[in-house]
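Encoded as structure tokens, the structure appears first; notes follow it.
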Amino acid sequence: MKLFELTRADDPAQAIAAGAKATTAQQGADIRFIAGGTNLVDFMKLNVETPGKLVDINHLPFDKIESLPDGGLKIGAVVRNTDLAQHAVVRKNYAVLSQALLSGASVQLRNMATTAGNLLQRTRCMYFRDTAMACNKREPGSGCAAITGVNRGLAILGTSEHCIATNPSDMNVALAALEAVIHIRGPKGERSVPIDDFHLLPGNTPQRETILEPGDLITHVTLPPPSPGARSLYLKLRDRASFEFALASAAVVITAEGGTITRARVALGGVGAKPWRSREAEVELTWQPANQSVFQKAADSALREAKPQSQNGFKVELAKRCLVHALKLVTQTA
Amino acid sequence: MADQSETPKKSQSGSQFGKSTRRTFISRLGMAGLLTSAGQVFAQRPLAEPTPVSETKDAVPAVEGAIPVTLRVNGQQYELRIDPRTTLLDCLREHLHLTGSKKGCDHGQCGACTVHINGRRMNSCLCLAAMYQGDEITTIEGLGQPENLHPMQEAFVAHDAYQCGYCTCGQIMSAVALLTEPCGPEDAEVKEFMSGNICRCGAYQNIVAAIQSVRQNTSRQQAG
């Protein structure tokens with residue numbers, strides 16, 4: 001691990017000023033905010049992350065979950081995954097988020113990991129983790145060893161010829177289906193970004209994963225008020241029953257009246273270069289009866305653009321079945 | 001990782017840590033790997049101090065960029081100067097000589113390093129020690145001692161919930177934390193809550209049995 005200077009921010013302005021001196025907020029950042037550290041310290045040990053300065057943001061006042069006047073929810077950036085998953089309002093109104101969080105990592109990691117940290121979770125692609133390998137995300141222009149290598153766990157949606165890494169987060173998939181908004185404070189002021197616009201597709205610049213610029217500090221995430229009568233669910237398929245990343249997962253938020261779906265929000269995990277909102281599936285579901293053939297059509301449309309690699313062709317069918325089953329479970333009458 | 005290749009500055013926390021311990025004695029014999037894998041369920045203070053080879057051999061050169069850190073571990077305060085890269089796990093083991101917390105994967109995947117921070121279990125291998133000043137850190141040594149075991153330690157012994165013992169301290173720290181977590185009554189739920197602790201010997205059945213026995217005793221006591 002490269003030697004770094006460890007500083008602590010006592011207020012947001014301090015953190016932003018410190019972060020603004022970085023040359024980038026993306027891969028290769030020389031200054032990093034640190035909260036839970038579960039992802040960052042891991043990558044620093046591997047020399048994938050080599051910041052010369054860490055700014056501890058654990059003491060900033062972003063550790064609360066608050067109900068908003070409009071019925072929505074405000075989640076502080078350093079709220080721990082455990083606390084978010086167990087929060088009474090989340091369990092009641094945003095079950096998909098609670099389920100997604102509890103399906104990820106282990107209790108120990110969830111006790112450390114934060115909301116903003118989870119949003120910025122890096123890929124598990126083993127070529128990204130290994131500095132001896134070619135990886136355009138870690139070292140732009142070096143190539144992608146995964147495309148011709150072991151790519152069973154990697155993405156089939158949103159990839160490019162330069163990168164096929166999967167976004168590994170479960171939380172992000174639920175947040176995509178819930179249409180969460182990310183609130184950022186930076187050197188130029190505050191802005192709010194829908195989660196769908198927050199993560200970037202790899203394209204020609206896989207080293208850029210989010211819209212964050214130097215000094216940008218995620219302060220909180222907001223969820224819109226729960227849609228009346230909506231039910232939500234997270235279904236995760238993986239090689240092990242626990243403590244394993246998704247091969248395919250589905251987050252669904254569905255409102256059905258008298259057997260007809262009136263509103264649908266669908267996102268997929270484990271298959272996308274970013275948390276994969278599928279508007280195509282949502283269109284196929286809306287104003288349709290909640291039955292198997294409609295679910296199948298929605299799943300087919302969600303995976304229509306899939307580009308499987310040499311070892312992950314199974315993910316196309318797996319993701320379809322995952323979504324179909326999630327839709328079946330969430331629309332079953334209790 | 002770098003922490004291991006570059007020797008961090010020695011603890012200034014008191015003379016007892018500068019002395020030769022059974023552990024340093026053993027490692028001088030070059031048998032550390034053999035004996036740690038032979039299995040020691042609970043960390044013990046050396047019963048008799050082995051003859052120190054030489055104190056100066058243990059002297060660690062000053063590390064450039066070392067920072068002062070105050071940690072509270074098992075109710076005791078320690079003042080140290082450490083390299084900022086030092087993880088809480090390395091700090092506990094190498095500076096405070098609390099070697100109950102084990103280094104397995106060093107990447108938060110195996111749970112052997114599990115400690116409690118402010119009552120919550122965490123992977124100490126992913127914690128930078130300097131970020132946990134002012135927090136209450138509890139290790140297996142703070143949970144119980146051979147003459148005064150925690151009920152969970154007793155249950156692990158009674159149920160033979162280990163073979164080699166390397167993961168055991170982490171398993172017990174997780175199991176004790178589980179008692180206050182929203183874990184359902186079934187074995188399946190215990191397994192899910194314990195999935196962050198890997199046991200290569202595969203003692204899972206007995207680990208679950210040990211945990212369930214403590215939970216049943218606790219609920220019986222509460223009912224009675």
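Read the figures in this text as sums done on the coordinates, not as results from a lab. Here the structure is a predicted model, which is why all the values come from computation and not from measurement. Quick reminder, even Gly has a Cβ in these numbers, built from the backbone with ideal geometry, and neighbours come from all protein chains shown.
About its Cα centre, the protein assembly as shown has a charge dipole of approximately 600 debye under the convention of +1 per Lys or Arg Cβ and -1 per Asp or Glu Cβ, with nothing else charged.
By count of other Cβ within 10 Å, fewest leading, how are B:PHE193, A:PHE128 ordered?
So the residues, fewest neighbours to most, are B:PHE193, A:PHE128.
Each residue of the stretch A:226-238 was assigned a 3J(HN,Hα) from its phi angle through the Karplus curve 6.51 cos²θ - 1.76 cosθ + 1.60 (θ = phi - 60°); the sequence is x, 5, x, x, 6, 10, 9, 7, 10, 10, 10, 10, 7 Hz, with glycine and proline shown as x. Each 5 Å bin from zero up to the one holding the largest Cα-Cα distance in the stretch A:20-81 carries the following percent of pairs: 4, 16, 21, 18, 16, 11, 8, 5, 1. Residue-wise HN-Hα couplings along the stretch A:139-151, as the Karplus relation 6.51 cos²θ - 1.76 cosθ + 1.60 with θ = phi - 60° gives them from phi, are 9, x, x, 7, x, 10, 6, 6, 4, 9, x, 7, 10 Hz; Gly and Pro carry x.
Radius of gyration over Kirkwood radius for chain A, both on Cα atoms: the Rg/Rh ratio is 0.96. Taken along the Cα-to-beta-carbon direction at a fixed 7 Å, the label points for A:GLU280 and A:GLU139 span 3.6 nm. Whole-Hz Karplus values for the stretch A:163-179 come out as 6, 10, 5, 9, 6, x, 6, 7, 3, 4, 5, 5, 5, 5, 5, 8, 6 Hz, taken residue by residue from phi with 6.51 cos²θ - 1.76 cosθ + 1.60 and θ = phi - 60°; glycine and proline positions read x. Listing A:VAL89, B:VAL73 from fewest to most neighbouring C-beta atoms within 10 Å gives A:VAL89, B:VAL73.
Panel values: the protein assembly as shown, Kirkwood radius from alpha carbon pairs, Stokes-Einstein at 4 °C and 1.567 mPa s, translational diffusion coefficient 52 µm²/s.
Distance between the C-alpha centres of the stretch B:180-197 and the stretch A:144-177: 30 Å, rounded to the whole angstrom. Remark: the Cα gyration tensor places the stretch A:231-331 in the prolate category, a/c being 1.5 or greater and a/b exceeding b/c. Under the membrane-span-like helix rule (DSSP H runs whose alpha carbons stretch at least 18 Å along the helix axis, mean Kyte-Doolittle hydropathy -1.0 or higher), chain A yields A:314-331. Under a 5 Å amide H cut-off, with hydrogens placed 1.01 Å from N, A:ARG277 pairs with A:LEU268 among residues at least 5 apart or on other chains.
The lysines within cross-link reach of A:LYS188, meaning a Cα-to-Cα straight distance under 25 Å and a gap of 8 or more places when in the same chain, are A:LYS21, A:LYS53, A:LYS64, A:LYS74. Under 18 Å between alpha carbons, and skipping anything fewer than 8 positions from A:LYS307 in its own chain: which lysines qualify? Within the straight-line cut-off, A:LYS307 pairs with A:LYS274, A:LYS315, A:LYS320. The convex hull drawn around the Cα atoms of the stretch B:151-223, when projected onto a plane and averaged over every direction, covers 4.4 nm². In terms of surrounding Cβ atoms within a 10 Å radius of their Cβ, A:LYS92, A:LYS74, A:LYS315 rank from fewest to most as A:LYS92, A:LYS74, A:LYS315.
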